[in-house]
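Q: Below are the structure tokens for one structure; questions will follow.
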Amino acid sequence: MDIQLKNINYKYNEGTPLEYQALHDITYNFPKGSFTAIVGHTGSGKSTLTKLLNGLLIPSSGNLRMGNRTITPHTSERDLKLLRKKIGTVMQFPEMQLFGQTVAEDIVFGPMNYGSSYNDALEIAAEKLNTVGLDSSYLEQSPFDLSGGQQRRVAIAGVLALEPEVLILDEPTIGLDPHGQQTILTLFKEMNQTLDTTIILITHQMEDVVKYADNVLVLNEGKILTQGTPQEVFEQDHLLQKAGLDVPVIVSLAREMEAKYNFKFTSLPLSIEALTEQMAHYLLEVADEQNN
Ligand SMILES: Nc1ncnc2c1ncn2[C@@H]1O[C@H](COP(=O)(O)OP(=O)(O)O)[C@@H](O)[C@H]1O
Ligand SMILES: [Mg+2]
């Protein structure tokens, strides 16, 4: 489903002395099937934005078009409920919300809540467990006997069990070891490519942005600082650094080579592969010149 945000403002505690405007005039599109990374400082409004996308909050002004529905400051709770089934959210540390005596109990909860029979829900549970890399022998285990990484996968399987069209991931790999992080992000990328699931990933890992995202939305103090493809956004590394944000290590390295050694890149490399390719090309040219 296509998501279009138009002039969204969001104020917490509106009309009280504690009023605080967390989002200012956000206009942005998440095309169907896109993989968008949202980056920004703590407090920049990332989580608030995701709560507007999954119907936990409604805008103070402006509107969101999600598929064929429009959410305005006046949208009712009942309309939001219909939408929530289509939007899956993996919160930060989702394993903290596991509650079942068994893994099965945890995963069948969502589908049954939306009207599936127990047997159908159990079938879905086994399938989604498989998707996250755990076999069905885990169904009967207590989630609390599993490792942290396995618990995280069970929690994710619970979100996938609703077969959402849009997946919102709020730092889904925080606290996992590097291998576990890449396994989970690869899983989401595969869903994006094979099922056309729209993915919205909040992350502080700029390397992951380069590796997985098609688009990047940069928030700063509740406003859009910049947006575009990873290439377009990281070429504005000065702007990002001024806002106190990281850039991929390779970008810093490339900038250093430009500044200190006058190295000319045809396009700013974002990955080790892109950097080595351009350097190899350059070195071969130099060797060629010396031979002639
Ligand atoms: N429930 C709330 N009540 C009041 N202010 C809030 C609430 N939740 C978040 N905020 C404020 O809104 C701003 C954006 O927060 P948040 O969306 O959580 O940012 P991020 O996810 O980028 O760290 C912050 O200044 C935060 O303090
Ligand atoms: Mg947050």
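The values are calculated or read from the model by the stated rules, or taken from the named source; none is laboratory data. Quantities reported herein were computed from a predicted structural model and do not represent experimental measurements. All Cβ positions, even for glycine, are placed from backbone atoms using ideal geometry, and neighbour counts span all protein chains on display.
Q: May I ask you to list the residues in segment 1-13 that are outside any loop (DSSP other than H, G, I, E, B) and either free of Cβ contacts under 8 Å to residues at least 40 places away in the same chain or among the basic types (Lys, Arg) (or both)?
A: At the first step, the residues of segment 1-13 found to be outside any loop (DSSP other than H, G, I, E, B) are 3-12.
Answer for segment 1-13, where residues must be outside any loop (DSSP other than H, G, I, E, B) and either free of Cβ contacts under 8 Å to residues at least 40 places away in the same chain or among the basic types (Lys, Arg) (or both): 6, 11, 12.
Q: Consider segment 24-73. How many of its residues are within 12 Å of residue 4 (Cβ to Cβ) and assigned to a strand (DSSP E or B)?
A: Counting residues in segment 24-73 that are within 12 Å of residue 4 (Cβ to Cβ) and assigned to a strand (DSSP E or B) gives 13.
Q: Would you check which residues across segment 92-109 are in a loop (DSSP other than H, G, I, E, B) and either buried (at least 18 other Cβ atoms within 10 Å of the Cβ) or aromatic (Phe, Trp, Tyr) (or both) and list them?
A: To start, the set of residues in segment 92-109 that are in a loop (DSSP other than H, G, I, E, B) comprises 92-93, 98-102.
Selection gives 93, 98, 99.
Q: Across segment 113-129, what is the number of residues that are at pLDDT below 95 and not in a loop (DSSP other than H, G, I, E, B)?
A: 1
Q: Would you pick out the residues in segment 145-177 that are assigned to a strand (DSSP E or B) and within 16 Å of ligand 1 (Cβ to nearest atom)? Please lay out each step first, then the result.
A: First, pick out the residues of segment 145-177 that are assigned to a strand (DSSP E or B): 166-170.
Answer for segment 145-177, where residues must be assigned to a strand (DSSP E or B) and within 16 Å of ligand 1 (Cβ to nearest atom): 168, 169, 170.
Q: Taking segment 257-292 on its own, how many of its residues are closer than 21 Å to residue 236 by Cα and free of Cβ contacts under 8 Å to residues at least 60 places away in the same chain?
A: 18
Q: While we're on this one: Determine, yes or no, whether residue 77 is surrounded by fewer than 19 Cβ atoms within 10 Å (Cβ to Cβ) and modelled with pLDDT under 95.
A: On the way: surrounded by fewer than 19 Cβ atoms within 10 Å (Cβ to Cβ): yes; modelled with pLDDT under 95: yes.
It is true that residue 77 is surrounded by fewer than 19 Cβ atoms within 10 Å (Cβ to Cβ) and modelled with pLDDT under 95.
Q: Moving to a separate point now. Could you say which residue among 100, 133 is at positive phi and either without any contact (Cβ under 8 Å) to a residue 60 or more places away in the chain or hydroxyl-bearing (Ser, Thr, Tyr) (or both)?
A: Going through 100, 133 in turn, the sole match is 133.
Q: Moving on to the next point. Could you grab me the full set of residues in segment 2-56 that are on the phi > 0 side of the Ramachandran plot and away from ligand 2 (no atom under 11 Å from the Cβ)? Outline the logic, then answer.
A: Restricting attention to segment 2-56, the residues satisfying the condition of being on the phi > 0 side of the Ramachandran plot are 7, 13, 15, 25, 33, 40, 43, 45, 55.
Listed by number, the residues that qualify are 7, 13, 15, 25, 33, 55.
Q: Identify the single condition in (1) outside any strand (DSSP E or B); (2) of a type in the set (S, T, N, Q); (3) closer than 13 Å to residue 222 by Cβ that residue 16 does not satisfy, given that it satisfies every other one.
A: The single condition residue 16 does not satisfy is (3).
Q: For segment 88-102, does any single residue satisfy the condition of being among the hydrophobic types (A, V, I, L, M, F, W, C) and over 25 Å from the mean Cα position of the chain (by Cα)? First the steps, then the outcome.
A: Here is the first cut: in segment 88-102, the residues among the hydrophobic types (A, V, I, L, M, F, W, C) are 90-91, 93, 96, 98-99.
Cutting the leftovers down to over 25 Å from the mean Cα position of the chain (by Cα) gives us none.
No, every residue in segment 88-102 fails to be among the hydrophobic types (A, V, I, L, M, F, W, C) and over 25 Å from the mean Cα position of the chain (by Cα).
Q: Looking at segment 168-175, is at least one residue in the same structural domain as residue 37 (by TED's automatic domain parsing), under 29 Å from residue 37 (Cβ atoms) and small (Gly, Ala, Ser)?
A: Filtering segment 168-175 down to residues in the same structural domain as residue 37 (by TED's automatic domain parsing) leaves 168-175.
Checking which are under 29 Å from residue 37 (Cβ atoms) leaves us with 168-175.
Subsequent filtering for residues that are small (Gly, Ala, Ser) retains 175.
Yes, the conditions are met somewhere in segment 168-175.
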